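Have a look at the structure below before the remarks.
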Amino acid sequence: TGVIRFEDVAFHYDHDRPILRGISFEVPAGATVAIVGPSGAGKSTISRLLFRFYDATSGRVTIDGQDLRDVTQASVRAAIGMVPQDTVLFNETIAYNIRYGRPDASDEEVREAARMAQIGDFIASLPKGFDTEVGERGLKLSGGEKQRVAIARTILKAPPILILDEATSALDTHTEREIQSALDQVSRNRTTLVIAHRLSTVVNARIILVLEKGRIVERGTHAELLAMD
Ligand code: ADP
Ligand code: ADP
(Lines give C-alpha, C1' and ligand atoms only; values in the text may rest on other atoms or scores of the structure.)
(Ligands and ions follow the chains in the order given, each with its own letter.)
Protein backbone atom coordinates (compact mmCIF):
# COMPACT_ATOMS: atom_id res chain seq x y z
CA THR A 1 0.00 0.00 0.00
CA GLY A 2 0.95 3.63 -0.42
CA VAL A 3 0.97 3.84 -4.24
CA ILE A 4 0.46 7.45 -5.33
CA ARG A 5 -0.67 8.48 -8.82
CA PHE A 6 -1.25 11.93 -10.26
CA GLU A 7 -2.97 11.71 -13.65
CA ASP A 8 -2.89 14.88 -15.72
CA VAL A 9 -3.69 17.01 -12.71
CA ALA A 10 -4.45 20.71 -13.04
CA PHE A 11 -5.25 23.02 -10.20
CA HIS A 12 -6.06 26.66 -9.64
CA TYR A 13 -6.95 28.48 -6.44
CA ASP A 14 -8.88 31.16 -8.29
CA HIS A 15 -10.41 31.25 -11.76
CA ASP A 16 -7.85 33.01 -13.88
CA ARG A 17 -4.46 31.69 -12.79
CA PRO A 18 -3.51 28.01 -13.13
CA ILE A 19 -1.11 26.87 -10.40
CA LEU A 20 -0.51 23.29 -11.61
CA ARG A 21 -0.82 21.96 -15.17
CA GLY A 22 -0.43 18.50 -16.69
CA ILE A 23 1.04 16.94 -13.57
CA SER A 24 1.45 13.16 -14.01
CA PHE A 25 3.64 10.87 -11.97
CA GLU A 26 3.51 7.61 -10.07
CA VAL A 27 5.23 6.67 -6.84
CA PRO A 28 5.51 2.94 -6.13
CA ALA A 29 4.73 1.72 -2.61
CA GLY A 30 7.59 2.42 -0.24
CA ALA A 31 9.51 4.62 -2.69
CA THR A 32 10.66 8.17 -2.04
CA VAL A 33 9.73 11.00 -4.38
CA ALA A 34 11.21 14.46 -4.03
CA ILE A 35 9.54 17.49 -5.52
CA VAL A 36 12.02 20.31 -5.99
CA GLY A 37 11.99 23.66 -7.73
CA PRO A 38 11.92 27.39 -7.07
CA SER A 39 9.66 29.04 -4.55
CA GLY A 40 6.13 29.42 -5.88
CA ALA A 41 6.49 26.51 -8.36
CA GLY A 42 3.62 24.61 -6.74
CA LYS A 43 5.42 22.06 -4.55
CA SER A 44 3.32 22.66 -1.43
CA THR A 45 0.18 22.68 -3.54
CA ILE A 46 0.94 19.12 -4.66
CA SER A 47 1.29 18.08 -0.98
CA ARG A 48 -2.00 19.78 -0.20
CA LEU A 49 -3.81 17.93 -3.01
CA LEU A 50 -2.42 14.66 -1.71
CA PHE A 51 -3.51 15.49 1.82
CA ARG A 52 -6.89 16.41 0.33
CA PHE A 53 -6.73 19.90 1.71
CA TYR A 54 -7.96 20.79 -1.80
CA ASP A 55 -9.24 18.71 -4.71
CA ALA A 56 -7.71 18.76 -8.21
CA THR A 57 -9.49 21.12 -10.61
CA SER A 58 -9.12 18.45 -13.33
CA GLY A 59 -7.37 15.11 -13.62
CA ARG A 60 -7.14 12.50 -10.86
CA VAL A 61 -5.14 11.93 -7.71
CA THR A 62 -5.25 8.33 -6.50
CA ILE A 63 -3.83 6.40 -3.56
CA ASP A 64 -3.76 2.64 -4.09
CA GLY A 65 -6.03 3.11 -7.09
CA GLN A 66 -8.68 5.05 -5.19
CA ASP A 67 -9.65 8.46 -6.45
CA LEU A 68 -9.29 10.81 -3.48
CA ARG A 69 -12.61 12.43 -4.39
CA ASP A 70 -14.33 9.13 -3.57
CA VAL A 71 -12.97 8.79 -0.06
CA THR A 72 -13.47 10.96 3.01
CA GLN A 73 -10.95 13.59 3.93
CA ALA A 74 -10.60 11.90 7.32
CA SER A 75 -9.60 8.54 5.84
CA VAL A 76 -7.12 10.18 3.46
CA ARG A 77 -5.51 11.96 6.39
CA ALA A 78 -5.46 8.80 8.47
CA ALA A 79 -3.31 7.16 5.76
CA ILE A 80 -0.89 10.08 5.56
CA GLY A 81 1.56 11.41 8.07
CA MET A 82 2.18 15.11 7.45
CA VAL A 83 5.29 16.84 8.74
CA PRO A 84 4.55 20.49 8.06
CA GLN A 85 7.17 23.23 7.72
CA ASP A 86 6.34 24.70 11.05
CA THR A 87 5.52 21.93 13.43
CA VAL A 88 3.44 23.20 16.31
CA LEU A 89 3.95 21.12 19.43
CA PHE A 90 1.66 20.82 22.41
CA ASN A 91 2.94 22.45 25.56
CA GLU A 92 3.54 19.00 27.02
CA THR A 93 6.43 16.58 27.28
CA ILE A 94 8.19 15.47 24.13
CA ALA A 95 7.00 11.92 24.81
CA TYR A 96 3.42 13.20 24.90
CA ASN A 97 3.99 14.96 21.59
CA ILE A 98 5.42 11.82 20.01
CA ARG A 99 2.65 9.62 21.40
CA TYR A 100 -0.09 11.93 20.15
CA GLY A 101 -2.05 10.02 17.51
CA ARG A 102 -1.25 6.63 19.04
CA PRO A 103 -2.10 6.83 22.74
CA ASP A 104 -1.74 3.05 23.16
CA ALA A 105 2.00 3.15 22.34
CA SER A 106 4.27 1.82 25.09
CA ASP A 107 7.11 3.87 26.57
CA GLU A 108 9.52 1.53 24.81
CA GLU A 109 7.88 2.21 21.42
CA VAL A 110 8.02 5.97 22.06
CA ARG A 111 11.72 5.73 22.94
CA GLU A 112 12.40 3.66 19.82
CA ALA A 113 10.61 6.20 17.58
CA ALA A 114 12.60 9.01 19.21
CA ARG A 115 15.81 7.10 18.60
CA MET A 116 14.96 6.49 14.95
CA ALA A 117 14.11 10.17 14.45
CA GLN A 118 17.52 11.13 15.91
CA ILE A 119 16.10 12.78 19.01
CA GLY A 120 16.73 9.85 21.33
CA ASP A 121 19.82 11.35 22.98
CA PHE A 122 18.05 14.59 23.24
CA ILE A 123 15.13 13.09 25.14
CA ALA A 124 17.41 11.10 27.39
CA SER A 125 19.29 14.24 28.36
CA LEU A 126 16.18 15.91 29.75
CA PRO A 127 15.98 16.06 33.53
CA LYS A 128 13.73 13.34 34.94
CA GLY A 129 13.45 11.56 31.64
CA PHE A 130 10.37 12.81 29.82
CA ASP A 131 9.22 14.95 32.69
CA THR A 132 10.08 18.30 31.13
CA GLU A 133 7.75 20.81 29.58
CA VAL A 134 8.39 22.25 26.15
CA GLY A 135 7.31 25.69 25.06
CA GLU A 136 7.18 28.84 27.12
CA ARG A 137 8.09 27.35 30.46
CA GLY A 138 10.64 24.82 29.33
CA LEU A 139 12.94 23.74 26.63
CA LYS A 140 13.24 25.80 23.51
CA LEU A 141 13.39 23.53 20.47
CA SER A 142 14.87 24.54 17.13
CA GLY A 143 12.82 24.13 13.94
CA GLY A 144 14.79 21.02 13.01
CA GLU A 145 14.24 19.47 16.45
CA LYS A 146 10.50 20.12 16.23
CA GLN A 147 10.47 18.57 12.79
CA ARG A 148 12.17 15.49 14.19
CA VAL A 149 9.57 15.28 16.98
CA ALA A 150 6.93 15.30 14.21
CA ILE A 151 8.88 12.63 12.31
CA ALA A 152 9.04 10.50 15.48
CA ARG A 153 5.27 10.87 15.82
CA THR A 154 4.72 9.59 12.30
CA ILE A 155 7.21 6.74 12.80
CA LEU A 156 5.04 5.62 15.73
CA LYS A 157 1.85 5.91 13.71
CA ALA A 158 3.47 4.17 10.72
CA PRO A 159 1.16 5.56 8.03
CA PRO A 160 1.64 4.14 4.50
CA ILE A 161 2.56 7.64 3.26
CA LEU A 162 4.59 10.42 4.84
CA ILE A 163 4.69 13.94 3.44
CA LEU A 164 7.49 16.25 4.48
CA ASP A 165 6.88 19.82 3.43
CA GLU A 166 10.10 21.72 3.88
CA ALA A 167 9.18 24.72 1.76
CA THR A 168 11.23 27.71 2.77
CA SER A 169 12.84 26.31 5.90
CA ALA A 170 16.55 26.95 5.88
CA LEU A 171 18.17 24.25 7.98
CA ASP A 172 21.85 24.14 8.82
CA THR A 173 23.92 21.29 7.38
CA HIS A 174 24.06 19.38 10.65
CA THR A 175 20.28 19.51 11.16
CA GLU A 176 19.73 18.56 7.56
CA ARG A 177 21.97 15.50 7.96
CA GLU A 178 20.01 14.43 11.06
CA ILE A 179 16.71 14.83 9.24
CA GLN A 180 18.12 12.89 6.29
CA SER A 181 19.06 10.05 8.57
CA ALA A 182 15.61 10.15 10.27
CA LEU A 183 14.01 9.89 6.82
CA ASP A 184 16.23 6.97 5.87
CA GLN A 185 14.80 5.17 8.89
CA VAL A 186 11.26 6.07 7.82
CA SER A 187 11.81 4.70 4.32
CA ARG A 188 13.23 1.49 5.78
CA ASN A 189 9.75 1.00 7.29
CA ARG A 190 8.39 0.77 3.72
CA THR A 191 6.66 4.10 4.00
CA THR A 192 6.06 5.99 0.75
CA LEU A 193 7.80 9.33 1.24
CA VAL A 194 6.89 12.59 -0.47
CA ILE A 195 9.39 15.35 0.18
CA ALA A 196 8.61 18.80 -1.10
CA HIS A 197 11.67 20.96 -1.52
CA ARG A 198 15.32 20.85 -0.64
CA LEU A 199 17.55 19.01 -3.07
CA SER A 200 20.28 18.32 -0.55
CA THR A 201 18.02 16.21 1.69
CA VAL A 202 16.80 14.04 -1.18
CA VAL A 203 19.93 12.32 -2.47
CA ASN A 204 18.30 8.96 -1.70
CA ALA A 205 15.02 9.70 -3.47
CA ARG A 206 14.10 7.18 -6.14
CA ILE A 207 12.33 9.83 -8.18
CA ILE A 208 13.02 13.54 -8.28
CA LEU A 209 10.49 15.80 -9.99
CA VAL A 210 11.66 19.28 -10.90
CA LEU A 211 8.75 21.68 -10.89
CA GLU A 212 8.71 25.11 -12.52
CA LYS A 213 5.69 27.36 -12.76
CA GLY A 214 3.30 24.50 -12.09
CA ARG A 215 4.78 22.05 -14.61
CA ILE A 216 7.19 19.14 -14.30
CA VAL A 217 10.21 20.20 -16.38
CA GLU A 218 12.61 17.36 -15.49
CA ARG A 219 12.40 14.01 -13.77
CA GLY A 220 14.90 11.34 -12.82
CA THR A 221 17.22 10.12 -10.12
CA HIS A 222 19.70 12.45 -8.41
CA ALA A 223 22.53 11.04 -10.58
CA GLU A 224 20.52 11.39 -13.80
CA LEU A 225 19.66 14.99 -13.05
CA LEU A 226 23.28 15.84 -12.19
CA ALA A 227 24.42 14.26 -15.47
CA MET A 228 21.98 16.42 -17.42
CA ASP A 229 23.77 19.73 -16.88
P1 ADP B 1 5.99 26.21 -3.56
O2 ADP B 1 5.60 25.23 -2.51
O3 ADP B 1 6.68 25.58 -4.72
O4 ADP B 1 6.75 27.39 -3.04
P5 ADP B 1 3.16 26.79 -3.58
O6 ADP B 1 2.51 25.50 -3.94
O7 ADP B 1 3.17 27.20 -2.16
O8 ADP B 1 4.64 26.80 -4.17
O9 ADP B 1 2.50 27.95 -4.41
C10 ADP B 1 2.31 27.88 -5.82
C11 ADP B 1 1.60 29.14 -6.29
O12 ADP B 1 0.28 29.16 -5.72
C13 ADP B 1 2.27 30.44 -5.86
O14 ADP B 1 2.16 31.33 -6.92
C15 ADP B 1 1.45 30.90 -4.69
O16 ADP B 1 1.47 32.29 -4.61
C17 ADP B 1 0.07 30.39 -5.03
N18 ADP B 1 -0.73 30.07 -3.83
C19 ADP B 1 -0.35 29.27 -2.80
N20 ADP B 1 -1.33 29.18 -1.88
C21 ADP B 1 -2.37 29.94 -2.34
C22 ADP B 1 -3.69 30.25 -1.86
N23 ADP B 1 -4.13 29.74 -0.71
N24 ADP B 1 -4.46 31.07 -2.62
C25 ADP B 1 -4.03 31.57 -3.79
N26 ADP B 1 -2.80 31.32 -4.31
C27 ADP B 1 -1.97 30.52 -3.60
P1 ADP C 1 -5.42 14.70 14.16
O2 ADP C 1 -6.00 15.99 14.67
O3 ADP C 1 -6.13 13.48 14.66
O4 ADP C 1 -3.93 14.63 14.29
P5 ADP C 1 -5.55 15.74 11.48
O6 ADP C 1 -6.03 15.10 10.23
O7 ADP C 1 -6.21 17.00 11.91
O8 ADP C 1 -5.72 14.61 12.59
O9 ADP C 1 -4.00 15.99 11.39
C10 ADP C 1 -3.07 15.00 11.11
C11 ADP C 1 -1.72 15.68 10.97
O12 ADP C 1 -1.74 16.55 9.83
C13 ADP C 1 -1.34 16.58 12.13
O14 ADP C 1 0.05 16.44 12.35
C15 ADP C 1 -1.68 17.99 11.68
O16 ADP C 1 -0.78 18.94 12.22
C17 ADP C 1 -1.50 17.91 10.19
N18 ADP C 1 -2.48 18.71 9.46
C19 ADP C 1 -3.82 18.76 9.66
N20 ADP C 1 -4.41 19.58 8.79
C21 ADP C 1 -3.43 20.07 7.99
C22 ADP C 1 -3.39 20.97 6.89
N23 ADP C 1 -4.48 21.52 6.40
N24 ADP C 1 -2.21 21.24 6.31
C25 ADP C 1 -1.10 20.67 6.79
N26 ADP C 1 -1.06 19.83 7.83
C27 ADP C 1 -2.20 19.52 8.43
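Listed here are the residues, each with its yes/no results for (1) in contact with an Asp or Glu (Cβ under 8 Å, 6 or more places away or on another chain); (2) within 16 Å of ligand 1 (Cβ to nearest atom); (3) at pLDDT 90 or above.
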residue: Gly37; (1), (2), (3): yes, yes, no
residue: Leu50; (1), (2), (3): no, yes, yes
residue: Arg69; (1), (2), (3): yes, no, yes
residue: Val76; (1), (2), (3): no, no, yes
residue: Pro103; (1), (2), (3): no, no, yes
Check the stretch 63-77 and report whether any residue there is in a strand (DSSP E or B) and in contact (Cβ under 8 Å) with a residue 24 or more places away in the chain. yes
Suppose we keep only residues that are away from ligand 1 (no atom under 12 Å from the Cβ) and aromatic (Phe, Trp, Tyr) within the stretch 1-35. Which one would you say is farthest from Ile207 (Cα to Cα)? Phe6
Just for the stretch 52-67: of the residues that are over 21 Å from Arg215 (Cα atoms) and among the acidic types (Asp, Glu), which one is farthest from ligand 1 (Cβ to nearest atom)? Asp64
Have a look at Arg48, Arg17, Arg52 and point out the one that is assigned to a loop (DSSP other than H, G, I, E, B), among the basic types (Lys, Arg) and within 16 Å of ligand 2 (Cβ to nearest atom). Arg52
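The values are calculated or read from the model by the stated rules, or taken from the named source; none is laboratory data. Since the model is a prediction, treat every value here as computed from it, not as a measurement. We place every Cβ from the backbone using ideal geometry, glycine too, and count neighbours over all the protein chains shown.
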